[in-house]
Amino acid sequence: MKCAISRQEVTESRADGRGSAVVVGTSLAGLMTALCLSRAGIDVTMLERSDDSGRTGAAVHVGEGLLERLTGRSETGALPHGVQTWFTVHGRLRAAVEADGRIELHQNVRVRDVGQDDGSAWAVTSDGRTFRGDIVVGADGHRSTVRRAVCPDNADATFAGYLIWLGLTEEWALPPGTRWPGDVAYLESGDCILLGYPLPGPDGSTAMGTRQLGWAWYDRGRNDLLRRSGCVADDIVRHSLTGADIPDQTYRELADEARRRWPSPWRDAILDCTDRHAVIGTPIAEYVPDSLAMGRLALVGDAAHVPTPMTGSGFGASLSDAEALADAVRAGVRGDRAVAALRDYERRRLTAARSMVESGRQFSRRFAGRRG
Ligand SMILES: Cc1cc2nc3c(=O)[nH]c(=O)nc-3n(C[C@H](O)[C@H](O)[C@H](O)COP(=O)(O)OP(=O)(O)OC[C@H]3O[C@@H](n4cnc5c(N)ncnc54)[C@H](O)[C@@H]3O)c2cc1C
């Protein structure tokens, strides 16, 4: 990983390279995209607004050999497959990026605007720097800044009408003798749905006593709280409710409901999280794309398409984006090639991305009781 700072940053590609990309966002989609682009011979500069503290994330399903597939190397270090915590996946992808000499990563850098002309594309940061490359890729999530330049007429993901409460409990915090679930659980109770995931421990261990239980509780009954707290405004999801932002009264209600609604071990996992005030309330957003590229700008991951988590497909779709983009740019992005390559990327991914979000929308409309 290289590091450089100046007012006007130009991502110089190597003489033997196939061009350069600026990737905005270093979460799962951004990291996978950078690895795939690097493997295709593109030099990558990554820009991330956060310092990685206070990151939150649910669980995602990882296919076997993911890191090897992304890097093309077999010695990349193990990323266990199956359902894994966001933190495990992020940590391993991040380590692979740091080990990659073609990728340069800048943190605490917020992109406020992107632009392009006939010869290049660029990202302007809030501290006044400009990062330039042959292409700019937005991997900046459901409230993407890059999307505003790619699709100005369809720039915002919209609130789906419900939230998910998320929590993670360590096995040792559960009552002694708790029966460990063998598989992912799907439970319904009244107008709520609970998904529960048995997960390895933070260090990847699957030994008894070291594992974790993750849970996601779909709740359509607290939209007033989301609006009062500013999490949702004008039908747009602004932010999640985290730990201390959740009113004590809501924690008490969740604990009471958990006792009534959910069986062990999920009830116990939820009660552990409500006791510790370690719950996140994420309002669900959805976005059906009309386009994935415009000139030298492209979108991947949640910047490109936001399905409800009920589809379980956001991570897999981000991987497909990264691989399709790398295939499309394999002949390089120098000069005029960039625009044709990104048009090819859009052609490969747009239909699948639209139908993935649309299929989730049918669930959302039913669950939230919304029309249209
Ligand atoms: C509650 C929940 C549960 C989910 N469950 C599943 C599941 O079970 N299975 C599944 O496959 N998927 C699931 N997903 C979706 C999945 O996590 C995402 O699709 C996937 O991780 C890709 O996210 P991303 O990297 O595109 O976006 P994000 O994770 O949102 O990352 C965007 C990144 O861009 C950075 N950024 C944003 N704006 C700027 C800026 N202006 N300048 C610089 N940096 C910026 C952010 O700090 C962040 O690091 C779930 C999502 C949620 C919300």
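Which order do the peptides 186-193, 38-45, 284-291 take when ranked by the mean count of other beta-carbon atoms within 10 Å per residue, highest first?
Peptide ranking by packing, descending: 38-45, 284-291, 186-193.
Using the charge dipole of the chain (Lys, Arg: +1 at Cβ; Asp, Glu: -1 at Cβ; taken about the Cα centre), state which of ALA58, SER264, ALA341 has its Cα farthest towards the positive end.
Value: ALA341.
With everything on Cα atoms, drop me the angle between helix 86-98 and the longest principal axis of the chain, reported from 0 to 90° to the nearest 10.
With rounding to tens, the tilt is 20 degrees.
Using a 1.4 Å probe on the protein chains only, how many percent of the accessible area of the stretch 160-285 belongs to carbon and sulfur? Write out the running numbers ahead of the final one.
Values: 2840 of 5850 Å².
Answer for the stretch 160-285: carbon and sulfur cover 49 percent of the accessible area.
Let's test this: bin the Cα-Cα distances of the stretch 160-285 at 5 Å from zero up to the farthest pair and state each bin's percent.
Taking all Cα pairs of the stretch 160-285, the binned fractions are 2, 11, 22, 22, 19, 13, 7, 3, 1, 0 percent.
Take every Cα pair under 8 Å in the chain that's 6+ residues apart, average their separations, divide by the length, and report that relative contact order as a whole percent.
20 percent
Percent antiparallel among DSSP beta bridges with both residues in the chain, to the nearest 5?
Around 70 percent of the beta bridges assigned by DSSP in the chain are antiparallel ones.
With the other protein chains left in place, how much accessible area per residue, in square angstrom, belongs to the chain at a 1.4 angstrom probe?
Heavy-atom accessible area per residue stands at 43 Å².
For the peptides 23-35, 300-312, 89-101, 264-276, what is the packing order when you average, over each peptide's residues, the other Cβ atoms within 10 Å and list the highest mean first?
23-35, 300-312, 264-276, 89-101
Working out 0.36 nm times the residue gap between ALA331 and VAL124, then minus their Cα-Cα distance, what length gain in nm do you get to one decimal?
So the chain would gain 71.8 nm between ALA331 and VAL124.
Determine one quarter of the surface area of the Cα convex hull of the stretch 100-161, which equals its mean projected area, and express it in nm² to one decimal.
About 6.0 nm², averaged over all directions.
Provide the per-residue ³J(HN,Hα) series for the stretch 287-297, in order, calculated from phi with Karplus coefficients 6.51, -1.76, 1.60 and θ = phi - 60°, each as a whole number of Hz, with x at glycine and proline positions.
8, 9, x, 9, 8, 10, 8, 8, x, 9, 10
Please work out how much length the chain gains when fully extended from ALA99 to ARG366, using 0.36 nm per residue of separation minus the C-alpha to C-alpha distance, in nm with one decimal.
91.6 nm
Could I have the simple spin-label model distance between ASP51 and ALA278, label points 7 Å from Cα toward Cβ, reported in nm to one decimal?
Roughly 2.3 nm, to one decimal.
How far is helix 337-368 tilted, in degrees, relative to the longest principal axis of the Cα atoms in the chain, given as a value from 0 to 90 rounded to the nearest 10?
Roughly 10 degrees between the two axes.
Any idea how far apart ARG252 and ASP290 come out in nm if each label point goes 7 Å out from Cα toward Cβ?
Calculated label separation equals 4.9 nm.
Rounded to whole Hz and in sequence order, give me ³J(HN,Hα) for the stretch 58-68 from the Karplus expression 6.51 cos²θ - 1.76 cosθ + 1.60, θ = phi - 60°, writing x for Gly and Pro.
Using θ = phi - 60°, the values come out as 8, 10, 10, 8, 10, x, 5, x, 4, 5, 4 Hz.
Please determine, in degrees from 0 to 90 and to the nearest 10, the orientation of helix 28-39 with respect to the longest principal axis defined by the Cα atoms of the chain, where the helix direction is its Cα long axis.
It works out to around 30 degrees.
Can you tell me, using C-alpha contacts under 8 Å and at least 6 residues apart, the relative contact order of the stretch 160-285 as a whole percent?
38 percent
Please list, in chain and number order, the residues 5+ apart from VAL23 or on another chain whose amide H is under 5 Å from its amide H, with Hs placed from the backbone.
Those lying under 5 Å, H to H, from VAL23 are THR45, MET46, LEU47, VAL137.
Hey, can you grab everything whose amide H is under 5 Å from the amide H of TYR162? Only 5+ residues off in sequence or another chain; H modelled, so Pro and N-termini drop out.
Those qualifying (amide H under 5 Å, at least 5 residues apart or on another chain) are ILE284.
Which whole-Hz ³J(HN,Hα) couplings does the stretch 148-162 yield from phi under the Karplus relation 6.51 cos²θ - 1.76 cosθ + 1.60, θ = phi - 60°, glycine and proline marked x?
4, 7, 7, 9, x, 8, 8, 8, 10, 6, 10, 5, 8, x, 7
When Lys and Arg each count +1 and Asp and Glu each count -1, what net charge do the other residues less than 13 Å away from SER318, Cβ to Cβ, add up to?
-3
Could you work out how much longer the chain between ASP117 and ARG148 gets when fully extended? Use 0.36 nm per residue separation minus the Cα distance between them, nm to one decimal.
Residue separation times 0.36 nm, minus the Cα-Cα distance, leaves 9.5 nm.
Give me, ordered by chain and number, the residues 5 or more places off ASP113 or on other chains with an amide H under 5 Å from its own placed amide H.
Placed amide hydrogens put VAL124 under 5 Å from ASP113.
Based on the alpha carbon coordinates of the chain, what radius of gyration and maximum Cα-Cα distance (Dmax) apply, in Å?
Using the Cα atoms of the chain, the pair Rg, Dmax is 21.0, 66 Å.
The values are calculated or read from the model by the stated rules, or taken from the named source; none is laboratory data. In this text, all values refer to a predicted model and were calculated from it rather than measured experimentally. A quick note on method: Cβ atoms are made from the backbone with ideal geometry, for glycine too, and the neighbour counts reach across all protein chains shown. For accessibility, only protein heavy atoms count, side chains too; no ligands or nucleic acids. Shrake-Rupley method; radii C 1.70, N 1.55, O 1.52, S 1.80 Å.
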